[in-house]
């Protein structure tokens, strides 16, 4: 690791960035430094563009990596340790479709019926009935859940949060012993990265190839709206910092309502005659 990268990571810690943000940036900076032709600190705009243009990366991944690199170079130039910020000529890649993509009720039922309790059944319950993100459910302990509330000690951006415990979730977890709730099949702690990277094989195996964990969180949000919760309440329960992040869920619910209306049958001749009468 270069001295400047190490200093930047120390800066993030000192500035109060979350442990997850610091860890993710460290991984990206080291990856880029090893693969750019002349390293991170001597990279040109074209070299950064080529690095971010990998076809195997999703649009969301490229956008996130752009933000990490942008933060590093802006800090380096401001500090006087770098003379050039190659990111100034690079627009941020689009982050992809931000609309939620919830699983269906049937997919939730199938995922729970065909998944072992560890790790997949428990992970699905925490995502679908508490709206937890993968890295949050991987850290959740039995001591963090009571009959009335579930405490997220470190959420997105390092923010803590509390979600009321759904009765179905309490019934599922109440008998568990103290300690981490999501474990490997052998009963060992399971990193969120492992959960994410191994999930596709599991969903394929149980006949749900289009499913991924975050879609259960989307189901949580859309189901709350479908059942009549207002937008502000859903924002708080999903722990969105901005209500703009929650508004996309209303579009999904509106589409479902419109689709339901379109299923109404056309009036029969007898119905029309009765109306005319």
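The values are calculated or read from the model by the stated rules, or taken from the named source; none is laboratory data. Just so it is clear, the structure is predicted and the values come from calculations on it, not from any experiment. Positions of Cβ are generated from backbone atoms using ideal geometry, with glycine treated the same way; all protein chains shown enter the neighbour counts.
For the range 187-196: of the residues being closer than 23 Å to residue 239 by Cα and touching a residue at least 12 places away in the same chain (Cβ under 8 Å), which is farthest from the chain's Cα centre (by Cα)?
Selected residue: 191.
Quick check: is even one residue across the range 137-150 part of a loop (DSSP other than H, G, I, E, B), without any contact (Cβ under 8 Å) to a residue 40 or more places away in the chain and surrounded by 15 or more Cβ atoms within 10 Å (Cβ to Cβ)? Step through it out loud before you land on a result.
Taking the range 137-150 as the starting set, the residues that turn out to be part of a loop (DSSP other than H, G, I, E, B) are 138-140, 146-148.
Filter once more, so that each one left must be without any contact (Cβ under 8 Å) to a residue 40 or more places away in the chain: 146-148.
Restricting the remaining residues to those that are surrounded by 15 or more Cβ atoms within 10 Å (Cβ to Cβ) gives none.
No - not one qualifying residue is present in the range 137-150.
Could you tell me how many of the residues in the range 187-216 are in a helix (DSSP H, G or I), touching a helix residue (DSSP H, G or I) at 6+ places or on another chain (Cβ under 7 Å) and either modelled with pLDDT of 95 or more or not assigned by TED's automatic domain parsing to the domain that holds residue 139 (or both)?
Selection size over the range 187-216: 2.
Only residues that are over 27 Å from residue 235 (Cβ atoms) and touching a helix residue (DSSP H, G or I) at 6+ places or on another chain (Cβ under 7 Å): list them for the range 154-186, please.
Matches in the range 154-186: 176, 177, 178, 179, 183, 184, 185.
Do the conditions hold for residue 207, that is, is it touching a residue at least 40 places away in the same chain (Cβ under 8 Å) and under 14 Å from residue 106 (Cα atoms)?
It is true that residue 207 is touching a residue at least 40 places away in the same chain (Cβ under 8 Å) and under 14 Å from residue 106 (Cα atoms).
Out of all the residues in the range 151-168, which are under 20 Å from the mean Cα position of the chain (by Cα) and in a helix (DSSP H, G or I)?
Those that are under 20 Å from the mean Cα position of the chain (by Cα) and in a helix (DSSP H, G or I): 156, 157, 158.
Looking at the range 217-271 only, could you name the residues that are outside any helix (DSSP H, G or I) and without any contact (Cβ under 8 Å) to a residue 24 or more places away in the chain?
Those that are outside any helix (DSSP H, G or I) and without any contact (Cβ under 8 Å) to a residue 24 or more places away in the chain: 227, 228, 229, 230, 240, 242, 263, 264, 265, 266, 267, 268.
Okay, residues lined up against (1) modelled with pLDDT of 90 or more; (2) assigned to a loop (DSSP other than H, G, I, E, B); (3) surrounded by fewer than 14 Cβ atoms within 10 Å (Cβ to Cβ):
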| residue | (1), (2), (3) |
| --- | --- |
| 57 | no, yes, no |
| 60 | no, no, no |
| 63 | no, no, no |
| 67 | yes, no, no |
| 73 | yes, no, no |
| 76 | yes, no, no |
| 84 | no, yes, no |
| 93 | no, yes, no |
| 97 | no, yes, yes |
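Determine, yes or no, whether residue 46 is closer than 17 Å to residue 77 by Cβ and either assigned to a helix (DSSP H, G or I) or not assigned by TED's automatic domain parsing to the domain that holds residue 157 (or both).
Judged against the criteria, residue 46 is not a match.
Filter the range 118-136 down to the residues that are touching a strand residue (DSSP E or B) at 6+ places or on another chain (Cβ under 9 Å) and over 19 Å from residue 234 (Cα atoms), then identify the one that is surrounded by the fewest Cβ atoms within 10 Å (Cβ to Cβ).
Result: 118.
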